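The structure appears below as structure tokens.
All of the numbers you see were taken from the coordinates with simple rules; none came from a lab. The structure displayed is predicted, hence computed values, not measured ones. Please note: Cβ atoms are built from the backbone with ideal geometry, for glycine as well, and neighbour counts cover all protein chains shown.
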Amino acid sequence: MGTGTGNAVDGGSALLSAVRARDTDSVKVLLHEDGDPDGLDAAFCMAVRMRAGRIAQLLLQYGADSRQSPPEDLLSLREAVDSGSPALFEALLYHAIRDRYPEGDLLEARDRARRWQVTGVEAELRRRTGSRNGIVRTPVQDDEYTSVDEFTLGGMTVRDGHGAILTHVEELLGIRTSFEDLMERALAHAGQDHHTTWSAVTILLAGRRDQATWSAAAALRTDPDPYHRLFGAEVLRLTHLFDASDEDAFAGPAVDVFTDWSTEETAPSVLAEVLVALGEHEDPRAQASLLRHAVHPDPRVRCAVAQGCISVRPSSPSSGDARTALLRLMTDPDPAVRKTACHTMAGGEDDDPACADALAAALDDPERLVRLAAVHGLALRDDERCVEAARRLGPPQRGSLEEEVYLGAVWRYEWRRDHR
């Protein structure tokens, strides 16, 4: 793709073809390789018509102008709600065209989303189709970070993201839904990894940053249900994480809560969330509590320790313990732990030669992502060993921006080396 007319036409055709095929990876590659590809607006319109919300959002991120799509060429809000895809619904309510929809349309969308959410996708699909056949249920990505379950019956396909749609439209309408109602909405999807409704609710509550929400979430620490405790821990963690104010009023309370919580939590999934929260603080108490779990039997917990060690500074009293823990975790039996530890070592400020040698040893790891993280770390340390290792790895896998970032660090190292 280039600046000439012929290339522009080809670029636009390639993008439209990728959208038509619902090939998200190809769309990513085309958008990433060309900073101003042709056909963005037409591709956005097509993605919406095809109910491909994730692709529609990608196109908006890369500059598609939703104002160029007349209302009659897009879906109605009613159709977007019925799809059950929050990504699609939010693409239609992108800020550039949000004023197309009067309050009455938003209220109707709210009521419709609530009906789906209360009735349940399975029951509503059976009511609409009249079919008694088995329902096909498939987990799918809805946007870049979250997932949903997709249900198919009698020729109809619907996703179960209505709780997230309801949460989003309530926020647009300025409706403050109670903590308890939002929590119930999220817990309907407990156990579904990265479900969009759970994420929408925890992010919304964290954004309130008020004492009532904080207290309600903190009270869940002693709840007998681990999913309730997980929900509370995530709301508390995100409340501090998203607080960009100078006061940072929740930093101290967060360290207090999570330090104590880490000593008593028994569910690995909840403990991992608590340790991720501790890893976001440079407080010595948080760092000490984090490192106590470096040899926990569950890999999710060890992953959280590896991730959290990034906050440990070389001047910290616990820096030596953190280095020891990371070096051990870089050889962990679980590949996700090894990869996380290598990634953390890459981003740390510890210039001990043992760290670079440990990254070099990881270049022979059987898992490609571990080797990539090690190459990335060596490149950031200006270590020549990254060059040959990157050559052996070959080009980044198609559509993987993570691989491009990791291997791109090697190119930047070579540029620095050759232009000193």
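What order do you get for Met156, Met46, Met345 when you list them from fewest to most C-beta neighbours inside 10 Å?
Numbers: Met156 13, Met46 20, Met345 29.
Placing the least packed residue first, the sequence is Met156, Met46, Met345.
By the beta-carbon count within 10 Å of each Cβ, the least crowded to most crowded order of Tyr94, Tyr145, fewest first, is Tyr145, Tyr94. GNM remark for the chain: springs join alpha carbons under 10 Å apart, and the peak mean-square fluctuation among Gln141, Gln117, Gln211 falls on Gln211. Note on the chain: with charges restricted to the Cβ of Lys and Arg (+1) and Asp and Glu (-1), its dipole about the Cα centre is near 1000 debye. Of all the options Ala200, Ala390, Ala354, the one that moves most in a Gaussian network model of the chain with Cα springs shorter than 10 angstrom is Ala354. Oblate is the label for the chain. Its Cα gyration tensor axes, ordered a ≥ b ≥ c, give a/c of at least 1.5 and b/c at or above a/b.
Computed packing ranks the peptides 235-245, 373-383, 118-128, 74-84 as 373-383, 74-84, 235-245, 118-128, most packed first, by mean other Cβ atoms within 10 Å. Modelled this way, with points 7 Å down the Cα-to-C-beta line, the labels at Gln211 and Asp105 are 4.2 nm from one another.
Amide H contacts under 5 Å for Glu150: Thr138, Val140, restricted to partners 5 or more places along the chain or on a different chain, H placed in the peptide plane at 1.01 Å from N.
Listed values for the range 230-246 are Karplus-derived 3J(HN,Hα) couplings in whole Hz (6.51 cos²θ - 1.76 cosθ + 1.60, θ = phi - 60°), namely 4, 4, x, 4, 5, 4, 5, 4, 5, 4, 6, 4, 8, 7, 9, 6, 5, and x replaces Gly and Pro.
Proximity of backbone amide H atoms, modeled 1.01 Å from N, is registered between Leu74 and no other residue at under 5 Å, excluding neighbours fewer than 5 places apart on the same chain.
The label-point distance for Arg292 and Val387, in a model that sets each label 7 Å from Cα toward Cβ, rounds to 4.8 nm. Under a 5 Å amide H cut-off, with hydrogens placed 1.01 Å from N, His195 pairs with Ser147 among residues at least 5 apart or on other chains. For the chain, the relative contact order comes to 8 percent (Cα pairs under 8 Å, sequence separation of at least 6). Residue by residue, the range 357-363 carries 3J(HN,Hα) couplings of 5, 5, 5, 5, 5, 6, 5 Hz when phi is fed to the Karplus relation 6.51 cos²θ - 1.76 cosθ + 1.60 (θ = phi - 60°); x denotes Gly or Pro.
Dividing the radius of gyration of the alpha carbons in the range 119-166 by their Kirkwood radius gives 0.99 for Rg/Rh.
Evaluating 6.51 cos²θ - 1.76 cosθ + 1.60 at θ = phi - 60° for every residue in the range 198-207, the Karplus couplings come out as 4, 5, 4, 6, 5, 5, 4, 5, 4, x Hz, glycine and proline recorded as x. For the range 239-384, pairs of C-alpha atoms spaced more than 25 angstrom apart make up 27 percent of the total. Restriction of the trypsin sites (Lys or Arg not before Pro) in the range 338-370 to DSSP coil positions whose beta-carbon has at most 11 other beta-carbons within 10 angstrom yields no sites.
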